[in-house]
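Just below is one structure, and these are the notes that go with it.
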Amino acid sequence: MSTLYSISEMNLLACYLDAAGYTSDDIHEMRQDVERLKQFKDVLKGQSEIIRIKHIVDLDSDPWLPEGWEIEEHIQGEQFEWEASRVKLFTSRLSEPDKHYISGHNLRKKVAGKPVFNVNLMVYLLDNQHLIPEAWKVKAIFFWGTILCHLGKNLYVSYMVWKETPDSGHWVEGQLSLDDVCDEYYHAAAIAA
């Protein structure tokens, strides 16, 4: 342990890191890469600058499909620069208070015409899981802009969900049959207005 810094200085730094949204995983990652810490010091001293990485998602391309799957519908978009604030998650609130579920087919009708994202965004986020907001971990995120058909029969919508593991967890994908029912845990990803 270093003796260059007082305990009060270390506690103050911890308070600032906490206020800036750093997690214990972030601190662990910083400890693993001293070169990055040196580069950050250069930023503090005005000798370097931070350039934000743009994450561009191609919503216009055809999605990758596993064998046996076909595209029933794929609403193409454009090049989308990822920022979590540009994505709205919404549920389709049921008009009858005693009903808690809705069929996938009926929910598809309710989201028709809304600016929902296609599965290309899900694939990009699964490849870049560090971009996914923490608040999404308690939700299943659906991408209604792409409807798949399996073996020429049933229709499916793709989703991603947080899977807890003993050491931490990670996001996984799945497909929900439109014959199944949905509840308010299921959120559609749409372009925020």
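Points worth noting:
- Put the Cα centre of segment 156-193 next to the Cα centre of segment 11-46 and the gap is 32 Å.
- Reduced Cα scattering model of the chain, Debye log10 I(q)/I(0), q = 0.13, 0.19 Å⁻¹: -0.82, -1.36
- Sequence-separation-based contact order of the chain, relative, with Cα cut under 8 Å and 6+ spacing, percent: 23
- Here segment 12-116 is treated as a Stokes sphere of Kirkwood radius computed over C-alpha pairs; at 37 °C and 0.692 mPa s its diffusion coefficient rounds to 169 µm²/s.
- Length-normalised contact order of segment 1-81 in % [C-alpha pairs under 8 Å, at least 6 apart]: 22
- Filter on K88/K163; K109/K137; K114/K139; K88/K109; K114/K163; K38/K137 - keep pairs with C-alpha separation over 24 Å: K109/K137; K114/K163; K38/K137
- Gaussian network model of the chain, Cα within-10 Å springs - most flexible of M160, M122, M30: M30
- Computed about the Cα centre, the dipole magnitude for the chain is approximately 480 debye when only Lys and Arg (+1) and Asp and Glu (-1) carry charge, each at its Cβ.
- For segment 75-179, the solvent-accessible area works out to 55 Å² per residue, with a probe of 1.4 Å and every protein chain left in place.
- Atom-type composition of the exposed protein surface of the chain places 52 percent of the accessible area on carbon and sulfur (1.4 angstrom probe).
- Solvent-accessible heavy-atom area per residue, rounded to whole Å², over segment 10-50 at 1.4 Å: 92
- Dipole axis of the chain (+1 Lys, Arg; -1 Asp, Glu on Cβ), positive-most option in A190, Q129, Q79: A190
The values are calculated or read from the model by the stated rules, or taken from the named source; none is laboratory data. These numbers were taken from a predicted model, which means no experiment stands behind them. Quick reminder, even Gly has a Cβ in these numbers, built from the backbone with ideal geometry, and neighbours come from all protein chains shown. With ligands, DNA and RNA removed, areas are computed over all heavy atoms of the protein, side chains included. Shrake-Rupley method; radii C 1.70, N 1.55, O 1.52, S 1.80 Å.
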